[in-house]
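Quick one: this structure, given as structure tokens, is what I'll be asking you about.
The values are calculated or read from the model by the stated rules, or taken from the named source; none is laboratory data. None of the values given here were measured: they were computed from a predicted structure. Heads up, the Cβs are rebuilt from the backbone with ideal geometry, glycines too, and the neighbour counts pull from every protein chain shown. Calculation scope for accessible area: heavy atoms of the full protein, side chains included, ligands and nucleic acids excluded. Shrake-Rupley method; radii C 1.70, N 1.55, O 1.52, S 1.80 Å.
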Amino acid sequence: MSIFRNCPWALAQNIMPQICTKLGGRHDFTCFVHKSERKKKVNVIDLEKFCVKFTSESAQTLGISNDEANVESSCVIALFTLEAKGFRRSMVRNLIGFLVDISRGLCKVDDVNLVLSGVDDGANIINAAPACGLCLDKVQYDDSIRFI
């Protein structure tokens, strides 16, 4: 689960679940992988779950000053849940950044097809979400896996 907070832009929250659904499933995620890692592995991944949930918290509860939050009393928090057998370098940051850019109107919904095509033109329109806004909540392992 990732948290993207302190986003200074208005986001079209109604479109984000639709984009998560389009990006979910088995696709070539090459455009979302760090440039130096794109050709090292096959980047076809089954993104088993990708969803977003919005909650509202007071800025004070989150430890954010009212000036920093740009609101009087509350902040909207986007909680992203992503599940897959594995992720590539920068993949989650790029997925979240792309989703935010679509909801800001910087990219179009139709751009999803371009970025899932795996061509460099698709990778060029993706901006990574800042690392300071994302937080890994947990890693879940299959019970059948044994560690030595």
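What number comes out for accessible area per residue over the range 16-59 if the probe is 1.4 Å? Units Å², please. Each step should come with its number before you reach the end.
Values: 2430 Å² over 44 residues.
So the range 16-59 comes to 55 Å² accessible per residue, rounded to a whole number.
Find how much the distance from residue 81 to residue 15 grows on full extension, using 0.36 nm per residue of separation minus their present alpha carbon separation; answer in nm with one decimal.
Here the answer is 22.1 nm.
Could you order peptides 87-98, 113-124, 19-30, 37-48 by the average number of other Cβ atoms within 10 Å of their residues, highest first?
Highest to lowest by the protection proxy: 87-98, 19-30, 113-124, 37-48.
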